Amino acid sequence: QVQLVESGGGLVQPGGSLRLSCAASGITFSIYTMGWYRQAPGKQRELVAAITSGGTTNYADSVKGRFIISRENAKNTVYLQMNSLKPEDTAVYSCNAHNSLYSYWGQGTQVTVSS
């Protein structure tokens, strides 16, 4: 059974930082591209950042220079370090694992940026 479990969300003030984690089980983690997506109320889900099995990363323009995605294959975990957070970063953040055949999602974690 495949599971992706996110953690690390919460309430943070503008300018603050959070680190999200996504622990995967039931898949050969190292061969999957891992991504973080977010969905704000009333908006479509959007890709925030992704990292391939080879370590290549890409970011949404809105988070470039502020967010960093990384993976630790030994722990089957992908991280999203979020710095200089803005109110517009408020959303439910979800982890995704995909390859050419399969795509799996976590349940999501709420990130709220507010003073």
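The values are calculated or read from the model by the stated rules, or taken from the named source; none is laboratory data. If you're wondering where the values come from, they're calculated on a predicted model, not measured in any experiment. A quick note on method: Cβ atoms are made from the backbone with ideal geometry, for glycine too, and the neighbour counts reach across all protein chains shown. The protein model used for the area step is the full one, side chains on, heavy atoms only, and it has no ligands, DNA or RNA in it. Shrake-Rupley method; radii C 1.70, N 1.55, O 1.52, S 1.80 Å.
Taking the range 68-91 as the search range and keeping residues that are under 10 Å from the mean Cα position of the chain (by Cα) and not hydroxyl-bearing (Ser, Thr, Tyr), which one is most open to solvent (accessible area, probe 1.4 Å)?
Looking at the filtered set, the residue picked out is 68.
Could you list all residues from the range 18-30 that are within 15 Å of the chain's Cα centre (by Cα), open to solvent by less than 60 Å² (accessible area, probe 1.4 Å) and more than 10 Å from residue 97 (Cβ to Cβ)?
18, 20, 21, 23 - these are the residues of the range 18-30 that are within 15 Å of the chain's Cα centre (by Cα), open to solvent by less than 60 Å² (accessible area, probe 1.4 Å) and more than 10 Å from residue 97 (Cβ to Cβ).
Can you name the number of the only condition in (1) under 18 Å from residue 1 (Cα atoms); (2) touching a Phe, Trp or Tyr at 6+ places or on another chain (Cβ under 8 Å) that residue 59 fails?
(1)
Tell me which residues, restricted to the range 56-65, are open to solvent by 70 Å² or more (accessible area, probe 1.4 Å) and assigned to a helix (DSSP H, G or I).
Residue satisfying the conditions is 61 alone.
Identify, from the list 97, 49, the residue that is buried (at least 21 other Cβ atoms within 10 Å of the Cβ), more than 21 Å from residue 12 (Cα to Cα) and hydrophobic (A, V, I, L, M, F, W, C).
After applying the criteria, what remains is 97.
Take the conditions among the aromatic types (Phe, Trp, Tyr), open to solvent by 30 Å² or more (accessible area, probe 1.4 Å) and under 16 Å from the mean Cα position of the chain (by Cα) and apply them to residue 37. Does it pass?
Considered against the rule, which asks whether it is among the aromatic types (Phe, Trp, Tyr), open to solvent by 30 Å² or more (accessible area, probe 1.4 Å) and under 16 Å from the mean Cα position of the chain (by Cα), residue 37 comes out as yes.
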